[in-house]
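Bear in mind these aren't lab numbers, they're just calculated from the coordinates by the rules spelled out. Treat the numbers as computed from the prediction; the structure is a model and nothing was measured. Ideal geometry is used to build each Cβ from the backbone, glycine not excepted, and the neighbour counts take in all protein chains shown.
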Amino acid sequence: MLQYFVYFILHFVVLQIHDIEGRSEPRPVSDPCYLPKKTGFCRAAFRRYFYNGNTGNCESFIYGGCRGNGNNFKTIRECKRTCVNKGIYIVSIICISYKVVYMKH
C-alpha cells in the first residue's frame, strides 16, 4: 500500500513539473542553457552572461577567453532571448524510498 502512495506522489510531482515546463517545447539535453557556467582556463577578463537554471535568470560572470561552453553569451539580451523566455527551469526531485523489513521472532 505504501508503494502505491509513493507512486501516486511521484506521479503528481511529475505532472506538476510537466505543467510548469509544458508551456514550452521540450528542449534537448544538448541545449546550452542546461550547461553549467564555465569561466575557462585562459586569463582574459571578458564580461559574459550565462543562464542560471536555479534562479531562472541570466547572470554575469568573467570569462577567461578559452575553453568555455555554449552557456556563454556576449549580451544579457542574447542570454534572455535564448534561455529565459523559453521556460527552462532546473527542477530537483528528491526521491524517498521505503523498505519494508519483516523480522522473525
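Listed values, structure above:
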| read-out | value |
| --- | --- |
| Under-5 Å amide H pairs with Asn57, H placed in peptide plane, nonlocal only | Asn52 |
| J(HN,Hα) series, region 45-55, from Karplus relation 6.51 cos²θ - 1.76 cosθ + 1.60, nearest Hz, glycine and proline x | 9, 9, 6, 10, 10, 9, 8, 9, x, 6, 9 |
| Ranked packing of 55-66, 70-81, 35-46, most packed first, by mean Cβ within 10 Å | 70-81, 55-66, 35-46 |
| Integer Hz, Karplus 6.51/-1.76/1.60 couplings in order for region 67-75, x for Gly and Pro | 6, x, 9, x, 8, 8, 10, 6, 10 |
| Segment Val84-Lys38, extension gain: residue separation times 0.36 nm, minus the distance between their alpha carbons | 14.7 nm |
